[in-house]
Amino acid sequence: MKLSLNWLRDFVDVDLPVAELASRLIDATAEVEGWETIGANWDPERIRVAEVVEVAPHPNADRLRLVTVNDGEGRQQVVCGAPNVAVGQKIAFATEGAELVDGHTGERARLKLRPIRGVDSAGMVLSEKELGLSDDHEGILVLAPDAVPGRPLVEQLGDVVFDISTWANRADLLGVMGFGRETAAITGKPLREPSTAHGESARKASEFVEVSIEAPDLCPRYTASVIENVTIGPSPAWMQERLIRAGQRPINNVVDITNYVMLETGQPLHAFDYDFVRGKRIVVRRAEEGERLLTLDDVERVFDSEMLLICDGEGPVAVGGVKGGGNSEVTEKTRTILLEAANFRAGSVRRTSTYLKLRTEASLRFEKGLGAEVPEYAQHRALHLFEQLAGGTPAAGIVDVYPGAKPPRTIAVTSARIEQVLGIAVPAEDVRRILAALGFGVEENTPGQYSVQPPDWRPDVEIADDVIEDIGRIHGYHRLPTTMLRGQLPEPERDPVRDLRERLRDLAVTLGFQETLSYTLTDRARLARMVPDSDSLRSEPLGVVNPVAAQHTFLRTSLRPSVLETYAANRHHEAGALRIFEVGFEYLPVEGDLPHHRPVLCAVLGGLREGRWPQAGTERLDFYDARGVAEAALQRLGIPVNFTAVSEFGLLPGHTAEIRVGKDPVGILGQIHPDNAALFDLTEPVFLVELWVESLARHLPERPAYAAPSRFPEVRQDLALVLDSETPAGRVLELVRSHRSGQVRIGADIFDEYRGPGVPAGKKSLAIAMRFQSSERTLTDADVAKVQSGLVTRLAKEFGATVRGG
Amino acid sequence: MSNVSALEGLREEALAALAAAPDESALEQWRITFFGRQDGRVTALLRAIKDVPASERAAYGASANAVKQELEGALEGRREALKQAALRALSTESALDVTLPGRPQVIGRLHPVTQTMRDCLKAFGDMGFRVAEGPEVEWDRYNFDGVRIPEDHPARDMWDTIWVNTLIDGKRHMLLRTHTSPNQVRVLERTPAPPVRVVVPGKCYRQEATDATHEWMLTQIEGLAVDEGVRMSDLKGVLYEWSRQMFGQDRKIIFHHSYFPFVEPGVEMAIDCFICRGNGKECRTCHGTGWIEILGAGMVHPEIIETAGYDSSKVTGFAFGIGVERVALLRWGIEDIRNFYANDIRFLSQF
């Protein structure tokens, strides 16, 4: 909303500097986004009000005239080319040295006078453009008739226009009066109310029109007045100026008055040409399905049965609270006005304007909730202006149909509640002063017990805490101390999946991975790069109705495409190893319910391993790097896992392993299938590690199993086994590590795998570094030999293994 | 005397050989030559004492021992000198060009939004707030109605919604939550009695155009404290402490009036501009106001307290919502929010 400081001053004296007023309003009332100073560059000495006293032809030019003005000090002759200059006008007059906007170039420059076609000019009569008010350079700016020659223009026309965004519950702040009240409350100055006095003719308004409301749930109140013998014409300059500053286009005095009163009070009004109101009656009713009306903006609107229409004796003439119809529009021929000021249900107006895609100044106010008492006030204010400015005579009284009338509201507010909510006590005199300034009725029957009547323009005030907010914001939140929460700590609520998810993030970082976060909405084509049609859970993702862009239409059911896309994008500028990961949700559809948010860690790595120099080394990261990452992370978590060769869409067979705890899958790793990698424009080998947080959480030990280091020496011995090529090394190692013999602990690591000369065809040799240790004594060679021979017997039995060279 | 002169000759020979020994292995060779247990020449001379006439034996013995000790001392001296020379060489001829780059080490980093989120959660965790997450895909009932934003309410304009294309039972709408506030309702629903003190981190979504300060996917932290005796001054205290943790101990905060349907009173909090410290007319961070709007907050609306089954005349609460990206932008002076989800490692790896 645009708020003119001059207009605000009609209601309250303001002696604060502009920035201070803005800051106080931000603290207490609404968001002042900025302000524009009109006339900031108008030199009060050199740009003044003057009166045109004579207009004569220019001796040497047909299009120019010699204009004599009285600038308050005397007569001055200037050469002027404006077509609209006329004797008696008050105009803006500049003398040499005034800073102006050049009418042709638009640049700011100081006025330099020179003879025009041989005639000297003492100054310049200014257009709006030259003053920087608008782009209008067609004619000169004509000031209000009461402007006093000699007065600095900045005093006559200067203003500050605030750009304010108000809150969704305060329709009253979409009127200057609302800010008048707020400013009065903030500064302690009294509020001045504008005049609503007007005369009336002998004939009653009710003799002109009959009003009935058939949809009282959507229209709690409808008032109508009638003004006869109006003279349609332009509204006065001061009114036009205010409308323009508020962002409205002046039309004619009748329409301008309705807009002016709306901008002042927040209450929208609508003027009908009475002679076009058929049957001399107004019926407020729901539309019939498919009913139509050509609205003032020349668009044919089609209504549904929840929309409210204002009809005359024959059909619709306006969309309630939104826009008038073309069939009853005020024109220059209009003589009698039917003036509507009504109250409509906020939600209904909002629904209608949303469905019709028609947001108007009226609908924006109604949808925020206006007080049902305001229409009557707005009627009288408008009638006052009609009488003053449009020469009309109001008919006696107002037709007022008010099915939604409610008894005045009273809210009990206690000083104890004020302190309970704000944390400080507010003195009774401050409570009374603040509430009174905002228009509340306040009675304090017993000390600390207030009985509060909210003003009728504040339907947003419903409960005691609403009143307390008004007290708090005007009193000033800067008065609140900073205190700390007291009392008991709440019961803990454990979320082991979340905890593990965050630990995995940290582990990935520890292992050298950069975290990335990508959009969770994608498209089907991208998903399909890594999700097969056969995966019915993931190939039918949830879609959204109104995506921000087509590529963000579906909730991702896999992180793999996102992370690979990120990888590929970074490959363009990164020559070395890339290690990235994302922790996020797969959104898996669930019939009739919210999707399952399945947390996953998805890591991708590839490229040339770091060498001596920061530029890439020569050796590529490979499958076993990926596996090393998984092992390290899971080992750190204390989750014992095994790896089993599997096949998975998007991963290269023979280079893919499922990560399992026992038989329970908890993740997968492998090389991205080159065909799928190509879909991301990746030609290098890329490896994936994916860990499924919920599955892992089921196996997470509460605390790590630990054993104190033995003080007896460890015996180290290598064991070389010959096995069938097909025997998985992991299973052999698992058996070795799990072997138990008395108190002897066995540690084992594979340090070589070999096929070739010296090993029979179809066989391979595995070299295992063994460690034997007891926590009770130093092991002898005989002890170790005994344990090892038992182990070798088991290996022979399980895997057909023989000891190489043994 | 010949024995003694032999001793003297050997001494001179040994000292000369020692001085010529260039390294540790030559020293070892020298030691074997002169002091070897079997054939060492000094050893042999010492052993030869038995052939010396008894009258000369004492003198010979003393001389031989003196030579032996001198040579042993010389060996140690030479060894030490070589060691010193080697160390000198190490720091001169073998000196490194320390300006050459080091061997690359691999280090990972958390995303700046995650880091900021963690720091915020830590600050609130220290004040007794525990983490409670809720779903990103949410029912409209929780996202709007449960926080007092009915359909056809203009406050819905504050949150442009991305709707999910499923309608359950012909009436339940699914959407991408526009804020973390729906989880206030979920937490209250499952907590039979106060106190409640939680922070709700998570992604939210808005149907809006992206620019330098707006993203359609964003991260929020919702805070909620409900108990007997929770005051607006406590809200101010908690947010003050958080501001100091995140933006420096000398931060100041201010509350401005604001409106959110689920709080009453409602405020926006600003911190004093730590970039220009209130002196920058042209400051791009605070636009010359000296204050940076940073979050929305307020006292939980009594209706929400009542819906939770608590007595709103006794139980009060506060709630706040923080945009994590906005905090990250501010703390690092990042100019464009779109950097966060562009996922360029050249950007991410700087935090």
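Here is a list: A:Leu500, A:Leu485. Which entry is of a type outside the set (Gly, Ala, Ser) and within 9 Å of another protein chain (Cβ to nearest Cβ)?
Working: A:Leu500 fails: within 9 Å of another protein chain (Cβ to nearest Cβ).
Answer to the selection: A:Leu485.
Any idea which of A:Ala215, A:Ala246, A:Ala205, A:Ala224 is buried (at least 16 other Cβ atoms within 10 Å of the Cβ) and over 21 Å from A:Glu373 (Cβ atoms)? Break it down stepwise before answering.
Values: A:Ala215 fails: over 21 Å from A:Glu373 (Cβ atoms); A:Ala205 fails: over 21 Å from A:Glu373 (Cβ atoms); A:Ala224 fails: over 21 Å from A:Glu373 (Cβ atoms).
One residue alone meets the criteria, A:Ala246.
Go through (1) in contact (Cβ under 8 Å) with a residue 12 or more places away in the chain; (2) within 14 Å of chain A (Cβ to nearest Cβ) one by one and return the number of the condition B:Pro101 breaks.
Condition not satisfied by B:Pro101: (1).
What number of residues within the range B:328-348 satisfy the criterion of being out of contact with any strand residue (DSSP E or B) (no Cβ under 7 Å at 6 or more places or on another chain), more than 13 Å from chain A (Cβ to nearest Cβ) and aliphatic (A, V, I, L, M)?
2
Among the residues of the range B:104-126, which ones are closer than 27 Å to A:Leu489 by Cα, at the interface with chain A (Cβ under 7 Å from one of its Cβ atoms) and touching a residue at least 12 places away in the same chain (Cβ under 8 Å)?
Here is the first cut: in the range B:104-126, the ones closer than 27 Å to A:Leu489 by Cα are B:114-126.
From what's left, at the interface with chain A (Cβ under 7 Å from one of its Cβ atoms): B:114.
The answer is none; no residue qualifies.
Out of B:Glu76, B:Glu70, I need the residue that is among the charged types (D, E, K, R), assigned by TED's automatic domain parsing to the domain that holds B:Arg11, in contact (Cβ under 8 Å) with a residue 12 or more places away in the chain and exposed (fewer than 14 other Cβ atoms within 10 Å of the Cβ). Which one? I'd like the intermediate steps shown before the answer.
Numbers: B:Glu76 fails: in contact (Cβ under 8 Å) with a residue 12 or more places away in the chain.
Result of the check over B:Glu76, B:Glu70: B:Glu70.
Restricting to the range A:651-675, and then to whatever is out of contact with any Leu (no Cβ under 8 Å at 6 or more places or on another chain) and not in a strand (DSSP E or B), can you tell me which residue is nearest to A:Phe623 (Cα to Cα)?
Checked the range A:651-675; the qualifying residue nearest to A:Phe623 (Cα to Cα) is A:Asp675.
Inside the range B:226-313, counting only strands (runs of 3 or more DSSP E) that do not spill past its ends, which hold 1 or more residues that are touching a Pro at 6+ places or on another chain (Cβ under 8 Å), within 10 Å of chain A (Cβ to nearest Cβ) and of a type in the set (A, V, I, L, M)?
Working: elements: B:253-258, B:263-272, B:291-300.
Filter on the range B:226-313 gives B:291-300.
So, in the range A:116-147, exactly how many residues are of a type in the set (Val, Ile, Thr) and closer than 19 Å to A:Arg242 by Cα? Lay out the reasoning, then the answer.
So in the range A:116-147, the residues of a type in the set (Val, Ile, Thr) come out as A:116, A:119, A:125, A:140, A:142.
Applying the additional criterion that residues be closer than 19 Å to A:Arg242 by Cα yields A:140, A:142.
Of the residues in that region, 2 qualify.
Considering the range A:376-402 alone, what residues qualify as being under 44 Å from the mean Cα position of the chain (by Cα) and hydrophobic (A, V, I, L, M, F, W, C)?
A:Ala378, A:Ala382, A:Leu383, A:Leu385, A:Phe386, A:Leu389, A:Ala390, A:Ile398, A:Val399, A:Val401
Is it the case that the range A:516-528 has a residue that's of a type outside the set (S, T, N, Q), closer than 29 Å to B:Val106 by Cβ and facing chain B (nearest Cβ under 7 Å)?
Yes, the range A:516-528 has at least one match.
Name every residue in the range B:254-272 that is surrounded by fewer than 23 Cβ atoms within 10 Å (Cβ to Cβ) and within 27 Å of the chain's Cα centre (by Cα), in order of residue number.
Hit for the range B:254-272 is B:Asp272, nothing else.
Which one is nearest to the other protein chains (Cβ to nearest Cβ) among residues in the range B:79-98 that are without any contact (Cβ under 8 Å) to a residue 12 or more places away in the chain and of a type in the set (D, E, K, R)? It would help to see each step written out before you state the result.
At the first step, the residues of the range B:79-98 found to be without any contact (Cβ under 8 Å) to a residue 12 or more places away in the chain are B:80-81, B:83-98.
If we keep only those that are of a type in the set (D, E, K, R) too, we end up with B:80, B:83, B:88, B:93, B:97.
Numbers: B:Glu80: 36, B:Lys83: 30, B:Arg88: 27, B:Glu93: 22, B:Asp97: 13 Å.
Among them, the one singled out is B:Asp97.
Let me spell it out: the conditions are (1) surrounded by 16 or more Cβ atoms within 10 Å (Cβ to Cβ); (2) touching a residue at least 60 places away in the same chain (Cβ under 8 Å); (3) under 30 Å from A:Arg501 (Cβ atoms); (4) among the small types (Gly, Ala, Ser), and A:Gly670 meets all of them except one. Which number is the exception?
A:Gly670 satisfies all of (1) surrounded by 16 or more Cβ atoms within 10 Å (Cβ to Cβ); (2) touching a residue at least 60 places away in the same chain (Cβ under 8 Å); (3) under 30 Å from A:Arg501 (Cβ atoms); (4) among the small types (Gly, Ala, Ser) except (2).
Restricting to the range B:163-175, name every residue that is touching a helix residue (DSSP H, G or I) at 6+ places or on another chain (Cβ under 9 Å) and of a type outside the set (Lys, Arg). Can you show your working first?
We begin by selecting, within the range B:163-175, every residue touching a helix residue (DSSP H, G or I) at 6+ places or on another chain (Cβ under 9 Å); these are B:163, B:172-175.
Those that are touching a helix residue (DSSP H, G or I) at 6+ places or on another chain (Cβ under 9 Å) and of a type outside the set (Lys, Arg): B:Trp163, B:His173, B:Met174, B:Leu175.
Just to be sure I understand, how many residues within the range A:415-433 are within 13 Å of chain B (Cβ to nearest Cβ) and either at pLDDT below 95 or assigned to a helix (DSSP H, G or I) (or both)? Please lay out each step first, then the result.
If we filter the range A:415-433 for residues that are within 13 Å of chain B (Cβ to nearest Cβ), which is where we start, we get A:416-426.
Going one step further and asking which of them are either at pLDDT below 95 or assigned to a helix (DSSP H, G or I) (or both), we end up with A:416-422.
The total comes to 7.
Here is a list of conditions, (1) facing chain B (nearest Cβ under 8 Å); (2) crowded, with 22+ Cβ neighbours inside 10 Å; (3) in contact with a Gly (Cβ under 8 Å, 6 or more places away or on another chain), and A:Leu480 meets all of them except one; can you say which number that is?
That leaves (2) as the condition not met.
Would you please name the residue that is farthest from the other protein chains (Cβ to nearest Cβ), looking only at residues in the range B:194-225 that are under 16 Å from B:Leu176 (Cα atoms) and of a type in the set (Lys, Arg)?
B:Arg206
Would you mind finding the one in A:Ala405, A:Ala437, A:Ala464, A:Ala412 that is more than 10 Å from chain B (Cβ to nearest Cβ) and either of a type in the set (S, T, N, Q) or surrounded by 18 or more Cβ atoms within 10 Å (Cβ to Cβ) (or both)? Walk me through how you get there before you give the answer.
Values: A:Ala405 fails: either of a type in the set (S, T, N, Q) or surrounded by 18 or more Cβ atoms within 10 Å (Cβ to Cβ) (or both); A:Ala464 fails: more than 10 Å from chain B (Cβ to nearest Cβ); A:Ala412 fails: either of a type in the set (S, T, N, Q) or surrounded by 18 or more Cβ atoms within 10 Å (Cβ to Cβ) (or both).
The unique qualifying residue is A:Ala437.
Residue by residue through the range A:758-798, note down the ones that are without any contact (Cβ under 8 Å) to a residue 12 or more places away in the chain, hydrophobic (A, V, I, L, M, F, W, C) and assigned to a loop (DSSP other than H, G, I, E, B).
A:Ala761
From the residues in the range A:310-355 that are part of a loop (DSSP other than H, G, I, E, B) and within 14 Å of chain B (Cβ to nearest Cβ), which one is farthest from A:Asp256 (Cα to Cα)? Spell out how you get there, then give the answer.
Pass one, the range A:310-355, residues part of a loop (DSSP other than H, G, I, E, B): A:312-315, A:320-322, A:329-336, A:344-345.
Now drop any that are not within 14 Å of chain B (Cβ to nearest Cβ), which leaves A:321-322, A:344-345.
Working: A:Gly321: 18, A:Val322: 17, A:Phe344: 22, A:Arg345: 25 Å.
Ranking the candidates gives A:Arg345 first.
Out of B:Met127, B:Met217, report the one residue that is surrounded by fewer than 23 Cβ atoms within 10 Å (Cβ to Cβ), modelled with pLDDT of 95 or more and under 23 Å from A:Asp593 (Cα atoms).
The conditions single out B:Met217.
Could you list, in sequence order, all residues of the range A:503-515 that are facing chain B (nearest Cβ under 7 Å) and out of contact with any helix residue (DSSP H, G or I) (no Cβ under 9 Å at 6 or more places or on another chain)?
A:Val509
Applying the selection to the range A:38-78, what residues are in a loop (DSSP other than H, G, I, E, B) and under 25 Å from A:Arg110 (Cα atoms)? Spell out how you get there, then give the answer.
Within the range A:38-78, the first condition is being in a loop (DSSP other than H, G, I, E, B), and the residues that meet it are A:39-46, A:59-60, A:71-74.
Answer for the range A:38-78, where residues must be in a loop (DSSP other than H, G, I, E, B) and under 25 Å from A:Arg110 (Cα atoms): A:Gly39, A:Ala40, A:Asn41, A:Trp42, A:Asp43, A:Pro44, A:Glu45, A:Arg46, A:Asp71, A:Gly72, A:Glu73, A:Gly74.
Could you check the range A:440-459 and list, in sequence order, the residues that are closer than 23 Å to B:Ser312 by Cβ and crowded, with 21+ Cβ neighbours inside 10 Å?
Matches in the range A:440-459: A:Phe440, A:Tyr450, A:Val452, A:Pro454, A:Arg458, A:Pro459.
When the range A:11-37 is examined, which residues are found to be part of a strand (DSSP E or B) and of a type outside the set (Phe, Trp, Tyr)? Even if it seems obvious, please write down each step before you answer.
The initial filter retains those residues of the range A:11-37 that are part of a strand (DSSP E or B), namely A:31-37.
Answer for the range A:11-37, where residues must be part of a strand (DSSP E or B) and of a type outside the set (Phe, Trp, Tyr): A:Glu31, A:Val32, A:Glu33, A:Gly34, A:Glu36, A:Thr37.
Looking at the range A:96-110, is at least one residue part of a loop (DSSP other than H, G, I, E, B), at negative phi, in contact with a Ser or Thr (Cβ under 7 Å, 6 or more places away or on another chain) and not assigned by TED's automatic domain parsing to the domain that holds A:Thr29? Walk me through it before giving the result.
Filtering the range A:96-110 down to residues part of a loop (DSSP other than H, G, I, E, B) leaves A:96-98, A:102-107.
Right, trim to at negative phi and you get A:96, A:98, A:102-105, A:107.
Narrowing the set further to residues that are in contact with a Ser or Thr (Cβ under 7 Å, 6 or more places away or on another chain) leaves A:103.
Next cut, not assigned by TED's automatic domain parsing to the domain that holds A:Thr29 only: A:103.
Looking for residues that are part of a loop (DSSP other than H, G, I, E, B), at negative phi, in contact with a Ser or Thr (Cβ under 7 Å, 6 or more places away or on another chain) and not assigned by TED's automatic domain parsing to the domain that holds A:Thr29, one finds at least one in the range A:96-110, hence yes.
The values are calculated or read from the model by the stated rules, or taken from the named source; none is laboratory data. In this text, all values refer to a predicted model and were calculated from it rather than measured experimentally. So basically every Cβ, Gly included, is an ideal-geometry build from the backbone, and we count neighbours across all protein chains shown.
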